[in-house]
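This report refers to the structure that appears directly beneath it.
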Amino acid sequence: MQNFDYYNPTHIVFGQDRLADLDTLIPANAKVLVLYGGGSVKKYGTLATVVSQLGSREVVEFGGIEPNPQFETLLKAVEVVRAEKIDFLLAVGGGSVMDGTKFIALAAEYDGEVNSLLFNGTAPAPVKSALALGCVATLPATGSEMNNVGVITYNEQKYPFASPLVFPKFSFLDANLTLTLPKEQIANGVADAFIHVIEQYLTQPVNAKIQDRFAEGILKTLIEDGPVTYADNDNIDARKNFMWSATSALNSLIGVGVPQDWSTHMIGHELTAMFGIAHGRTLAIILPSLLRERKSQKYAKLVQFAERVWDINDGSDDEKIDLAIDKTEAFFNSLDIVTHLSHYNIDEQAIDNVIVNMKKMGLTKLSETGDLTLDIVRKILLATK
Ligand code: NZQ
Ligand code: ZN
């Protein structure tokens, strides 16, 4: 296992009917900006409940943060923060609202050009302070509710950023608030969480037993309870397990001390930026093809994945790996996620444009060892058919 530091200060408030606890977690004299997306939280009453729990605090609202949040929209929120002298940000929504709020928290206290906060990848953004933020998560998927990362769309490209200052002070994971999710968002969330685990797990063995076994436990839970949540809206026990899986998949715990390979995400972000395909779906298209292409580099961990996650114990190691990848793809398909680019009318010419854009973004040496070049990315995308 490699050396690591682990720091995660986010207070999780988990379960059902938990919003009454908001009052205890936000300073009594705070002036709060409540941020939300395209209106689902208004439509289903979550926003009204949240605001009523804030009691006599001064509250300002900012809606309209879109999926794959746009830089320009977030700048408008920064203006509101400054004009209204806001001192606490409360994100109510999915990953896009939570990520957008993290960016606003940094940008509101930054004196330089705010777009420069986007050009550091996942190295800490060059900031000295940020506004405090909390989250009411309405979509289990990204893990944004318990990590220090965000992804913003700027000039039609997706840019990740990170800072220890944007860990949410708290996040509510109230399963009842997710009951209104359309089925395809549940599927997106299951795929996203599953692939977050894979990006931290399917690399090379470093004898990190806790991380491996936690990762395998999350994958098995997603395989078990993802489809139940997808098929049966009323199964709250399955939904809670799915929700905690999604958070646990990207709160750093399984990623410490192990190599990580975020190739599927880096390629997927390009497909979202260029073709508007939802984040989780892009990942499900790429991953099976990437694993087939990278079989030899990830061999030992793929065998472990086959045996421990998919319980495949018969056949040669090669056969186990092939079956595990097929089962993974079939799992996504069972959630009605199509894993072929042709479904989106993306042909060879469009794939070449993806490669050109990735080159412009400097994404030329992906994988845990930096050996995944754009020629290989092209091959992976072509193989998705
Ligand atoms: O905008 P509203 O009207 O709220 O509707 C949203 C949106 O249309 C809807 N929704 C959310 N909660 C709902 C609901 N509809 C009904 N009932 C509810 N309870 O769902 C739609 C999608 O929301 P969005 O927030 O965009 O989805 P998700 O949570 O999947 O977030 C995706 C974003 O997160 C980034 C992605 O790149 C993408 O921009 N990611 C963030 C990460 C992180 N911070 O660590 C890691 C991820 O890998 C990912 O890149
Ligand atoms: Zn993701």
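Here, each number is a calculation from the coordinates, and none is a lab measurement. Nothing here was measured: the structure is a model prediction, and the numbers come from that model. We place every Cβ from the backbone using ideal geometry, glycine too, and count neighbours over all the protein chains shown.
Per-residue ellipticity at 222 nm, computed for the chain from helices alone with -39500 (n - 2.57) per DSSP H run of at least four residues, works out to -14500 deg cm²/dmol.
Placing +1 on the Cβ of every Lys and Arg and -1 on the Cβ of every Asp and Glu, with nothing else charged, gives the stretch 146-243 a dipole about its Cα centre of roughly 320 debye. Here the 3J(HN,Hα) profile of the stretch 370-385, calculated from phi with Karplus coefficients 6.51, -1.76 and 1.60 at θ = phi - 60°, is x, 9, 9, 8, 5, 4, 6, 4, 4, 4, 4, 5, 4, 6, 6, 6 Hz, Gly and Pro shown as x. Using the alpha-carbon positions of the chain, Rg (one decimal) and Dmax (whole number) come out as 20.4, 66 Å.
Pick from PHE242, PHE161, PHE194: which is most flexible by mean-square fluctuation in a GNM of the chain where alpha carbon atoms under 10 Å apart are linked? Maximum fluctuation in the GNM of the chain, among the listed residues, is at PHE161. Under 5 Å between amide hydrogens, which residues at least 5 positions from LEU173 or on another chain qualify, with H placed 1.01 Å from N in the peptide plane? Excluding prolines and chain starts, which carry no amide H, the hits are VAL13, PHE14, GLY15. Report, to the nearest 10°, how far helix 263-275 tilts away from the longest principal axis of the Cα atoms in the chain, using its own Cα long axis and a range of 0 to 90°. So the inclination is approximately 70 degrees. When you restrict to C-alpha pairs under 8 Å that are six or more residues apart and normalise by the size of the stretch 19-125, the relative contact order lands at 32 percent. To the nearest 10 degrees, how steeply does helix 279-293 sit against the main Cα axis of the chain, on a 0 to 90 scale? The angle comes out near 20 degrees.
Remark: relative contact order (the stretch 134-175) = 51 percent; criterion is Cα-Cα distance under 8 angstrom and separation of 6 or more residues.
On C-alpha positions alone, give me the angle between the axis of helix 183-201 and the longest principal axis of the chain, in degrees, nearest 10. Taking the Cα atoms of the chain, the angle to 183-201 is about 70 degrees.
Relative contact order for the stretch 74-119 using alpha-carbon pairs under 8 Å, separation at least 6, rounded to a whole percent? Result for the stretch 74-119 is 41 percent.
Listed values for the stretch 326-334 are Karplus-derived 3J(HN,Hα) couplings in whole Hz (6.51 cos²θ - 1.76 cosθ + 1.60, θ = phi - 60°), namely 4, 5, 5, 5, 5, 4, 4, 4, 5, and x replaces Gly and Pro. Centre-to-centre, using Cα atoms only, the stretch 26-49 and the stretch 135-194 are separated by 16 Å. Over 22 Å between C-alpha atoms is what I'm after, so list which of LYS220/LYS327; LYS128/LYS169; LYS298/LYS360; LYS295/LYS379 land there. In this structure, LYS298/LYS360 exceed 22 Å between Cα atoms.
Mind checking which of SER171, ASN233, LEU291 is farthest towards the positive end of the chain's charge dipole, using Cβ charges of +1 (Lys, Arg) and -1 (Asp, Glu) about the Cα centre? Selected residue: SER171. The Rg/Rh ratio of the stretch 170-296, with Rg taken over Cα atoms and Rh as the Kirkwood radius over Cα pairs, comes to 0.97.
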